[in-house]
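So the structure is just underneath, and the comments pick up after that.
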Amino acid sequence: MSTTIRLFDFQEQAASQLSDAIEEWVQVCAEHGPPTLGRTPIPFVGHLKAVTGAGKTPILSTVVGDLKHGLVLWTSKSSAVVDQTARNLLGKYRHLLPRDTVVLRERPSKSEWEQLIESKRGLTIWVTTVGSWNEAEAAEAGGSADARLNMHRPQRDWGGDLSPWEQLRTKLQRPLYVVYDESHNQTPAQLDQLIGLNPVGFLMASATPPEGRFEQFADIVRRDELLASVAERGNVRVQTRDVVEAQLLKHTISVENFDSDAETLLTETVELHRQLVAKAEAERLDVNPKALYVVERSNPSAARGEVVARPEAIWQFLRDHGVPAEEIAVYTQTKVLPDDAVRVSSLAQLQPRHRHIICNRALQEGWDDPEAYIEYFDDESNSFVRISQVIGRALRQPGAAHFDDDDLNTATLFVRVANVQFESIVEGLKRELALYAVDDENGGTTPAIRLRTRKEPLDPIPVKANLADKLSLPEYQLGDASLDDELAEIGMISRRTYADIDLEAPGARTTRVISLRGDDDVIRYRELAASMRRPNGEYLRRRIVIGSRHCAHLIEPTTFTGPAFEQWACAGSNAQRQLAALADRVVRQFEATVDLVPNEIIGEETWHPRPHVPTNNKMEPFTNAIHPAYSRAAFNAEELEFAKTLDALGVGTWMRNPVRGEGYGIPLPMKVGGSSTFYPDFLWWTGDTCFALDPTGKHILDEKIRGKLLSIDLPKVALIIKGRLSADLVTHEKSNNVTVVRPRTGRAPAPEVYPDLATALKRIAGVA
């Protein structure tokens, strides 16, 4: 019996946000009609951005399961991705779908096709490669039946006179949705084909936003007063920090470069693999580390004077260095291999005993073995582009749990390039990781996955000896909130039942007999809204999850039970409107009343400054900081000016507080700039007091955030912004002045305006 997979909080929140956005889109279109581009109805476009390993499939499966009725065309360019998705939908993610869901892979039978087209109820997921329906690719392949589904040509067993594609466009009885995994591979021609099917919505999973026709759609939707905010909520970004903290990913990428011969690099690769195996065995871990050897060419290159193919040469090297033949798998199209070499032609043929896998970049998609720890790149011309295509294969963490030994939480890349090229690769990897970074409070981004290189190791800069173990701050966590009235209201609603009319979508009673394929788009969406039903209790809980995961954790699951919560309501119904408004009130009350309390977890009660870890060798020395120097990369221009001004005062001692990682953070009940933790840019100890200084001003203008931060006794938070603030802290006027907002004994905080930063800092410290 398979184990039921429970979604992580961040996965459930992402799924809930997407589902909610789809339902609201349908609701607005049911009442007012869909927006159009010319005569084309504009579909809902959801975009899920998440790092490899974040669990895109369970997130999207949950969203699709919420649809309850419809045909979902789930597609991707890679056949390996499609195969894996189909297996997961039929296996470990099956419980995320309605019980009667039909999952089809590639070519349906005649009876399956008839059910797909003619059924008016139920959910069907058709998982297929892009090449199966892409007309351009089909034409290139000559339309052969064994290569493509011939979706654009009439087929006897699929409806006769009309092509399968035309049947999907004109005869489908249920709403159509498209899930496009790895959607960065899409082309304008592909999108035009899919849009021609008149789908209700697209769910695009990619690191980059949808382009082409979708950009035209977005321009129109942004001008739509009712749909603009709905479309914005359809852009869901999973924070990589959440994924790493859930221990689904390794937290470090180590890039090892040797500007030398391939044998040197291969020797290092084999040695590291042996070390990882030994460490796993010594700790009795159920982990079987594996190494990938990525080649550019499967067969010898006459132009390079090669006689032996690189896969064969690597295989022989491994054998000469004691690796048993049965532990090596060759996943390439190499024509000649030794007789005892194990050749595999599909991912399914890879076995646990295959610890060393010689492959090309075809392995980049669809293979999700978290035990892949090492990637060796054979060609000295390897660029970042080539490396980035396979890097995701080594990011997943075995067992979704970090180990005590950090080497078992690290993905290692071995490259062999000139130093100039190596710098280019490292910068490219930084950009790639930045795509999945987390927004910090000063508008920048911080990679959630550390990048480490051997080429230029930099030692950490310790805290000055006379200050070590003398500086500390209390750790905080979110505590209870005053939700008694809101919980009482939830209990009251749960005990009664809604009238049928309040459970129906607007106009549903008069349109039930109207086909979804009708010409009236408003009628179509009304009928669709009527079919999108969800239990009221589940709807309320997930609306609270969207607003605040922390808030949802404070509410007992039994709160969402009772007669009213067992009823099912349509999208846009009076019941859902009432519950959505209630969820918003619950979240607002949580944000207004939640306490910041000391962390009582043993070992996590107190924070101490850690060594500074430089990111490059360009250092900035300081006299009065707790570290003698900081990397220049730790500051932007304004932060460096602030640091120099603070240092020149000669008052107390200070530090540059890193964002996340080893930095000091205070949890917040709501997100500011994509983060729900306040990381002050600077910590400043003067006498018995520590000031948390935030010179960005971002937290001043939000009253709820401001109130939480200024209520803390230690550290005392001082929010600083360049310019002048009005007395009500609402209006910001640019000037050369500096405004400070900080706690005042017995009085509400008010703006304090000073002529310059040095004067402001002196007043904060009480020395002027």
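The values are calculated or read from the model by the stated rules, or taken from the named source; none is laboratory data. Because the structure is a prediction, the values reported are computed rather than measured. Note that we place each Cβ from the backbone using ideal geometry, even for glycine, and neighbour counts take in every protein chain shown.
So, Gly46, is that one at positive phi, in contact (Cβ under 8 Å) with a residue 12 or more places away in the chain and not in a helix (DSSP H, G or I) or not?
no
Could you go through segment 192-203 and let me know if any residue there is surrounded by fewer than 19 Cβ atoms within 10 Å (Cβ to Cβ) and acidic (Asp, Glu).
Within segment 192-203, one or more residues are surrounded by fewer than 19 Cβ atoms within 10 Å (Cβ to Cβ) and acidic (Asp, Glu).
For segment 566-586, name all the residues that are in contact with a Ser or Thr (Cβ under 8 Å, 6 or more places away or on another chain) and surrounded by fewer than 22 Cβ atoms within 10 Å (Cβ to Cβ).
Passing the criteria: only Gln567.
Please determine, by comparing only the residues of segment 301-316 that are buried (at least 21 other Cβ atoms within 10 Å of the Cβ) and out of contact with any Ser or Thr (no Cβ under 7 Å at 6 or more places or on another chain), which one is farthest from Arg353 (Cα to Cα).
First, pick out the residues of segment 301-316 that are buried (at least 21 other Cβ atoms within 10 Å of the Cβ): 309-312, 314-315.
Now narrow it down to the ones that are out of contact with any Ser or Thr (no Cβ under 7 Å at 6 or more places or on another chain): 310, 314-315.
On the way: Arg310: 22, Ile314: 18, Trp315: 15 Å.
That would be Arg310.
Consider His251 against the criteria (1) more than 30 Å from Pro311 (Cβ to Cβ); (2) modelled with pLDDT of 80 or more; (3) in the same structural domain as Asn409 (by TED's automatic domain parsing): it satisfies all of them except one. Which criterion is unmet?
(2)
I'm told Leu318 meets every condition in (1) in contact with an Asp or Glu (Cβ under 9 Å, 6 or more places away or on another chain); (2) in a loop (DSSP other than H, G, I, E, B); (3) at pLDDT 85 or above; (4) more than 24 Å from Thr85 (Cα to Cα) except one. Can you identify the failing condition by its number?
That leaves (2) as the condition not met.
Let me spell it out: the conditions are (1) over 24 Å from the mean Cα position of the chain (by Cα); (2) part of a helix (DSSP H, G or I); (3) under 14 Å from Pro43 (Cβ atoms), and Ala218 meets all of them except one. Which number is the exception?
Result: Ala218 fails condition (1) only.
Among the residues in segment 8-15, are any within 24 Å of Leu395 (Cβ to Cβ), free of Cβ contacts under 8 Å to residues at least 12 places away in the same chain, under 23 Å from the mean Cα position of the chain (by Cα) and surrounded by fewer than 21 Cβ atoms within 10 Å (Cβ to Cβ)?
Within segment 8-15, none of the residues are within 24 Å of Leu395 (Cβ to Cβ), free of Cβ contacts under 8 Å to residues at least 12 places away in the same chain, under 23 Å from the mean Cα position of the chain (by Cα) and surrounded by fewer than 21 Cβ atoms within 10 Å (Cβ to Cβ).
With the structure loaded, tell me whether Arg6 is basic (Lys, Arg), over 27 Å from Asp192 (Cβ atoms) and out of contact with any strand residue (DSSP E or B) (no Cβ under 9 Å at 6 or more places or on another chain) or whether it fails that test.
Here the answer is yes, as Arg6 does meet what is asked.
If Thr40 passes every condition in (1) in contact with a strand residue (DSSP E or B) (Cβ under 9 Å, 6 or more places away or on another chain); (2) hydroxyl-bearing (Ser, Thr, Tyr); (3) within 27 Å of Lys171 (Cα to Cα) but one, which one does it miss?
It is condition (1) that Thr40 fails.
Mind checking which residues of segment 592-610 are more than 16 Å from Leu709 (Cβ to Cβ) and under 29 Å from the mean Cα position of the chain (by Cα)?
Hits for segment 592-610 are Asn599, Ile601, Glu604, Trp607, Arg610.
With a cut-off of at least 1 residues that are modelled with pLDDT of 80 or more, name the helices (runs of 4 or more DSSP H) lying wholly within segment 108-209.
Numbers: elements: 110-118, 130-133, 135-140, 164-170, 188-195.
In segment 108-209, the matching helices (runs of 4 or more DSSP H) lie at 110-118, 130-133, 164-170, 188-195.
Kindly check whether there is at least one residue in segment 645-664 that is on the phi > 0 side of the Ramachandran plot and modelled with pLDDT of 85 or more.
yes
Which of the following residues is of a type in the set (D, E, K, R), on the phi < 0 side of the Ramachandran plot and either in contact with a Phe, Trp or Tyr (Cβ under 7 Å, 6 or more places away or on another chain) or at pLDDT 90 or above (or both): Lys716, Lys734, Lys722? First the steps, then the outcome.
Working: Lys734 fails: either in contact with a Phe, Trp or Tyr (Cβ under 7 Å, 6 or more places away or on another chain) or at pLDDT 90 or above (or both); Lys722 fails: either in contact with a Phe, Trp or Tyr (Cβ under 7 Å, 6 or more places away or on another chain) or at pLDDT 90 or above (or both).
Just a single option satisfies the conditions, and that option is Lys716.
Considering only residues of segment 323-343 that are touching a His at 6+ places or on another chain (Cβ under 8 Å) and closer than 17 Å to Asn299 by Cα, which is surrounded by the fewest Cβ atoms within 10 Å (Cβ to Cβ)?
Only one residue tops the list, namely Val342.
Tell me which residues, restricted to segment 253-268, are assigned to a loop (DSSP other than H, G, I, E, B) and not charged (D, E, K, R).
Phe258, Ser260, listed by residue number.
Are any of the residues in segment 100-114 assigned by TED's automatic domain parsing to the domain that holds Ala21 and at positive phi?
yes
For Glu24, are the conditions met, namely being out of contact with any Phe, Trp or Tyr (no Cβ under 8 Å at 6 or more places or on another chain), farther than 26 Å from Ala372 by Cβ, surrounded by 22 or more Cβ atoms within 10 Å (Cβ to Cβ) and charged (D, E, K, R)?
yes
For segment 221-252, which residues satisfy the criterion of being outside any helix (DSSP H, G or I) and of a type in the set (Lys, Arg)?
Matches in segment 221-252: Arg223, Arg237, Lys250.
Residue-by-condition table, conditions (1) part of a helix (DSSP H, G or I); (2) surrounded by 14 or more Cβ atoms within 10 Å (Cβ to Cβ); (3) at pLDDT 90 or above; (4) not assigned by TED's automatic domain parsing to the domain that holds Arg319:
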site: Val270; (1), (2), (3), (4): yes, yes, yes, no
site: His273; (1), (2), (3), (4): yes, yes, yes, no
site: Lys279; (1), (2), (3), (4): yes, yes, yes, no
site: Ala291; (1), (2), (3), (4): no, yes, yes, no
site: Asn299; (1), (2), (3), (4): no, yes, no, no
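Determine whether Thr75 is at pLDDT below 90 and either of a type outside the set (Lys, Arg) or assigned to a helix (DSSP H, G or I) (or both).
Against the criterion (at pLDDT below 90 and either of a type outside the set (Lys, Arg) or assigned to a helix (DSSP H, G or I) (or both)), Thr75 does not qualify.
Could you tell me which residue of segment 618-665 is farthest from Ala718 (Cα to Cα), considering only residues that are of a type in the set (Gly, Ala, Ser) and in a helix (DSSP H, G or I)? Reasoning before the result, please.
Narrowing segment 618-665 to residues of a type in the set (Gly, Ala, Ser): 625, 629, 631, 633-634, 637, 643, 648, 650, 652, 661, 663, 665.
Cutting the leftovers down to in a helix (DSSP H, G or I) gives us 633-634, 637, 643, 648.
Working: Ala633: 24, Ala634: 21, Ala637: 20, Ala643: 15, Ala648: 19 Å.
Looking at residues that are of a type in the set (Gly, Ala, Ser) and in a helix (DSSP H, G or I), I get Ala633.
Could you please find all residues in segment 666-683 being in a loop (DSSP other than H, G, I, E, B) and modelled with pLDDT of 85 or more?
Answer for segment 666-683, where residues must be in a loop (DSSP other than H, G, I, E, B) and modelled with pLDDT of 85 or more: Tyr679, Pro680, Asp681.
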